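The values are calculated or read from the model by the stated rules, or taken from the named source; none is laboratory data. Remember, it's a predicted structure, so these values are computed and weren't measured experimentally. Methodologically, a virtual Cβ is constructed for each residue, glycine included, from the backbone with ideal geometry; neighbour enumeration extends over all protein chains shown.
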Amino acid sequence: MSKTVADVVLSRLREWGIHEVFAYPGDGINGLLAAWGRADNDPQFVQARHEEMAAFEAVGFAKFSGQVGVCAATSGPGAIHLLNGLYDAKLDHVPVVALVGQTERSAMGGSYQQEVDLLSLFKDVCSDYVQMCTVPQQLPNLIDRAMRIAESEHAPTCVIFPSDVFDLPYEAPEHAFKQVPSSLGLTEASVTPAPAAIRGAADILNAGERVAILVGQGARGCVAELTTVAELLGAGAAKALLGKDVLPDDLPWVTGSIGLLGTMPSYRLMMDCDTLLTVGSNFPYTQFLPPLDQARAVQIDRSGKWIGMRYPYELNLVGDAQPTLAALIPLLQRKSDRTWRQQIESDVAEWWNTVERRALVDADPVNPMRIVHELSARLPGNAIVTSDSGSAANWYARQLRFTDGVRGSLSGTLATMGPGVPYAIGAKWAHPDRPAIALVGDGAMQMNGLAELITVSRYWQQWDDPRLIVAVLHNNDLNQVTWEMRAMEGSPKFAESQTIPDVDYAEFARDIGLIGINVEETAQVGPACDAAVQAARPVVLDVRCDPDVPPIPPHATFDEVKALASSLAHGDEDKWGVVREGVKQKIQQLLPGHAD
Ligand SMILES: Cc1ncc(C[n+]2csc(CCOP(=O)(O)OP(=O)(O)O)c2C)c(N)n1
Ligand SMILES: [Mg+2]
């Protein structure tokens with residue numbers, strides 16, 4: 001039998017080094033599925049429960065492997081389900097290729113069943129590249145460009161196939177008019193700014209007395225350079241959420257996360273500095289950067305498209321982080337006055353004490369910080385940690401102490417609920433030999449996580465290291481919303497909206513062949529974490545957490561947190577209604593702008 005278009009789609013993916021496609025079937029891609037069968041499931045068809053989760057798995061795979069993630073879905077509803085995951089890729093700058101079916105060419109434009117205008121649907125999310133394949137000669141170019149653009153632009157791309165096109169006999173493009181032959185691969189490029197621009201940056205940084213560094217995911221792989229820069233400048237470095245695993249937390253000058261989910265030393269670093277160096281970050285919350293007229297600032301970013309926002313930078317240095325920092329280092333003068341650096345290091349040391357004390361505050365039944373704290377203490381050095389959106393993101397940002405080599409991520413920019421478990425699954429395809437740990441709220445479990453545990457139960461035996469731990473923050477509440485309502489609206493919890501049904505997550509795990517551990521009280525937390533990190537199969541830690549522990553903003557002191565926690569610990573709604581004004585004021589005093 002001659003090759004079909006679908007055979008060539010799969011063989012081209014193989015030539016690109018793709019070993020897995022996160023997918024869900026349907027008749028829009030039946031021709032592709034038939035080819036998959038002929039290809040002996042190479043690349044592996046990884047079956048998600050829902051196309052959104054297939055897309056999240058591709059995003060997680062791409063984030064943790066550094067390679068392009070591929071997902072596939074059928075026409076109409078399948079394509080629509082992909083969208084949120086693809087937006088997650090777009091907003092966090094992650095390379096993902098989506099392969100999507102469409103109704104047959106003969107039906108297109110006929111308002112046919114499951115016919116959706118897919119070019120328009122994907123136009124925004126895959127704005128870097130979305131194309132439809134209508135004749136065989138468009139291949140391999142469409143696949144090649146989708147892969148190359150995803151990789152070089154760090155963006156999602158999409159190729160749409162009317163279902164009958166998959167079954168057409170393949171014909172390669174010829175050496176002829178209006179034919180587009182294509183080629184595989186692309187090499188890595190490295191951008192270094194012009195020497196004069198580096199000199200300009202060095203002058204600004206050398207003139208400062210109190211230098212702050214902000215790192216994001218664009219600074220990945222630069223621990224040595226950043227350490228040297230920080231040492232020379234006597235600086236400290238704060239981390240944007242997606243840059244949490246870019247610098248280890250055991251370096252004494254690393255102040256941890258910044259922003260709403262940030263730490264006290266990061267806040268002070270930014271508020272008190274006179275010079276800012278931002279490397280590979282588009283951290284959005286300007287109010288957590290230095291006051292606008294206070295600091296002279298330099299930004300390093302790989303692309304002119306993303307540089308210069310968020311702060312009035314004096315110099316926007318377009319370049320990759322590593323070669324730019326390497327070129328900068330010889331021009332930096334070591335600051336002899338180390339007072340600023342000493343202050344930062346003492347703030348950081350004090351902060352880690354605060355983190356521990358907060359985690360040890362009694363709560364009813366379990367303080368959510370405690371479970372994250374105990375997991376942090378047991379994190380294998382090669383762990384990959386994911387978090388869902390919700391209160392878990394606060395604890396991910398503040399409580400976890402990453403050592404060098406630990407990877408972690410979450411939906412940083414879209415901040416969507418739902419990717420915690422799928423990201424961890426994607427991580428297991430990126431690194432089957434590493435343990436994955438997901439921090440997930442019970443709302444996110446009910447939205448996506450429970451379903452995707454079924455995917456875990458289907459595949460875990462193929463992973464070299466079978467450990468995938470899902471820590472469920474079981475508070476029967478959409479707690480992040482409840483706290484936002486209290487803090488921002490001064491409103492009590494609206495139970496109709498935020499109270500969620502009680503589910504036994506551990507029992508569900510046990511029912512599908514995983515290990516499920518119910519953690520009902522604080523004394524069980526440590527032993528449960530021990531069991532999870534030693535287990536020989538995936539584990540769900542179902543932790544009954546106190547919804548009255550506030551995911552408090554960064555500059556709160558330990559005593560303030562404790563007072564808040566205990567004033568709320570035993571409150572019912574009526575009592576909350578009575579106390580809420582006082583608590584609201586208290587919280588607002590802790591918000592930025594009231595920081596003094
Ligand atoms: C898809 C989506 N829907 C809604 C939201 C708004 N949102 C952010 S956090 C959150 C609550 C999360 O609740 P849960 O998963 O139980 O975590 P908790 O905060 O209770 O720990 C909601 C509804 C969102 N970010 N994404
Ligand atoms: Mg919850």
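Here is how the numbers come out for the structure above:
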read-out	value
Those residues of the stretch 475-507 which are touching a residue at least 40 places away in the same chain (Cβ under 8 Å), under 26 Å from the mean Cα position of the chain (by Cα) and more than 12 Å from ligand 2 (Cβ to nearest atom), in sequence order	Ala487
Of all residues making up the stretch 526-552, the number that are at pLDDT 95 or above and within 16 Å of ligand 1 (Cβ to nearest atom)	6
Residues located in the stretch 10-28, provided they are under 29 Å from the mean Cα position of the chain (by Cα) and in a helix (DSSP H, G or I)	Leu10, Arg12, Leu13, Arg14, Glu15
Subset of the stretch 358-402 [under 18 Å from the mean Cα position of the chain (by Cα) and within 19 Å of Ser266 (Cα to Cα)]	Ala393, Asn394, Trp395, Tyr396, Ala397, Arg398, Gln399, Leu400, Arg401, Phe402
Subset of the stretch 393-411 [away from ligand 1 (no atom under 16 Å from the Cβ), closer than 21 Å to Glu356 by Cα and of a type outside the set (Asp, Glu)]	Arg401, Phe402, Thr403, Val406, Gly408
Some residue of the stretch 460-481 being within 23 Å of Asn367 (Cβ to Cβ), assigned to a helix (DSSP H, G or I) and among the aromatic types (Phe, Trp, Tyr)	no
Unique match (being free of Cβ contacts under 8 Å to residues at least 60 places away in the same chain and within 12 Å of ligand 2 (Cβ to nearest atom)) among Val440, Val543, Val472	Val440
Single unsatisfied condition, Ala415 versus (1) part of a helix (DSSP H, G or I); (2) within 25 Å of Phe283 (Cβ to Cβ); (3) within 16 Å of ligand 1 (Cβ to nearest atom); (4) at pLDDT 95 or above	(1)
Subset tally (residues that are in a helix (DSSP H, G or I), under 19 Å from Asp504 (Cβ atoms) and either within 26 Å of the chain's Cα centre (by Cα) or hydrophobic (A, V, I, L, M, F, W, C) (or both)) for the stretch 514-536	4
Qualifying positions in the stretch 68-86 - touching a residue at least 60 places away in the same chain (Cβ under 8 Å) and assigned to a loop (DSSP other than H, G, I, E, B)	Val68, Ser75
Test: residue in the stretch 138-149 that is farther than 30 Å from Arg302 by Cβ, within 27 Å of the chain's Cα centre (by Cα), buried (at least 18 other Cβ atoms within 10 Å of the Cβ) and without any contact (Cβ under 8 Å) to a residue 60 or more places away in the chain	no
Selected residue (only one of Gly200, Gly234, Gly208, Gly216 is closer than 30 Å to Ser409 by Cβ and at pLDDT 95 or above)	Gly216
Top-ranked residue of the stretch 472-505 - restricted to ones that are among the aromatic types (Phe, Trp, Tyr) and modelled with pLDDT under 90, ranked as nearest to ligand 1 (Cβ to nearest atom)	Trp483
Close pairs from the stretch 325-343: first touching a residue at least 12 places away in the same chain (Cβ under 8 Å), partner of a type in the set (Phe, Trp, Tyr), Cβ under 9 Å, at least 6 apart	Arg341/Trp253
Selection count, the stretch 18-53, where residues are among the hydrophobic types (A, V, I, L, M, F, W, C), under 15 Å from Gly69 (Cα atoms) and either touching a residue at least 40 places away in the same chain (Cβ under 8 Å) or in contact with a His (Cβ under 6 Å, 6 or more places away or on another chain) (or both)	7
Tally, over the stretch 241-276, of residues that are among the aliphatic types (A, V, I, L, M), crowded, with 24+ Cβ neighbours inside 10 Å and within 18 Å of Pro291 (Cα to Cα)	4
Matching option when the condition is of a type outside the set (S, T, N, Q) and within 16 Å of ligand 2 (Cβ to nearest atom), among Gly381, Gly405, Gly390	Gly390
Subset of the stretch 423-455 (residues that are within 16 Å of ligand 1 (Cβ to nearest atom) and touching a His at 6+ places or on another chain (Cβ under 9 Å))	Gly441, Asp442, Met445, Asn448, Ala451, Glu452
The one condition in (1) in a strand (DSSP E or B); (2) on the phi > 0 side of the Ramachandran plot that Asn41 fails to fulfil	(1)
Residue within the stretch 215-229 that is under 25 Å from the mean Cα position of the chain (by Cα) and of a type in the set (S, T, N, Q) present	yes
Leading residue by the ranking (farthest from ligand 1 (Cβ to nearest atom)) among those in the stretch 345-392 that are among the basic types (Lys, Arg) and assigned to a helix (DSSP H, G or I)	Arg357
